[in-house]
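Read-outs throughout are calculated quantities, based only on the coordinates presented, and are distinct from any laboratory measurement. Small disclaimer: the values here were computed from a predicted structure and weren't measured. Every residue, glycine as well, gets a Cβ built from its backbone with ideal geometry; the counts of neighbours run over all protein chains shown.
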Amino acid sequence: MLVLSRKIGEDVKIGNSVTVTVLSYDRGVVRLGIQAPKEVAVHRKEIYDKIAELNKIAAKSQITKLKDVLNGNNLIFNANEVGYQKK
């Protein structure tokens, strides 16, 4: 793990396209600004972990159960198209 010290207003570059800026520090809370292209996913760790957990569950689920859930939410699943349609 790389450990860096930065002052408010200073940046850290990640690759060519991501910039992390220290915005403020108050009572033990650091606020960061992150500039990244739209195709780069940026999440807080707890959100990332939840997405990963849901993806694992979805990968193990049966397609018929998925269709039932989608249809129960007034969505139509069409295997020939990418995405879902409202009923």
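Below is a table of values for the structure above.
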| quantity | calculated |
| --- | --- |
| Ranked packing of 25-31, 44-50, most packed first, by mean Cβ within 10 Å | 44-50, 25-31 |
| Table column - 3J(HN,Hα) (Hz), region 33-41, Karplus curve with 6.51, -1.76, 1.60, x for Gly and Pro | x, 10, 9, 8, x, 4, 6, 9, 6 |
| Point-to-point label distance, ARG44-LEU32, nm (Cα→Cβ direction, 7 Å offset) | 1.3 nm |
| Length gained when the stretch ARG6-ILE57 is fully extended (0.36 nm per residue, less Cα-Cα span) | 14.5 nm |
| 30 Å Cα-Cα threshold exceeded, pairs from LYS38/LYS65; LYS13/LYS50; LYS13/LYS60 | LYS38/LYS65; LYS13/LYS60 |
| Proximal charge balance of GLU53 [Cβ under 13 Å; K/R count +1, D/E count -1] | +2 |
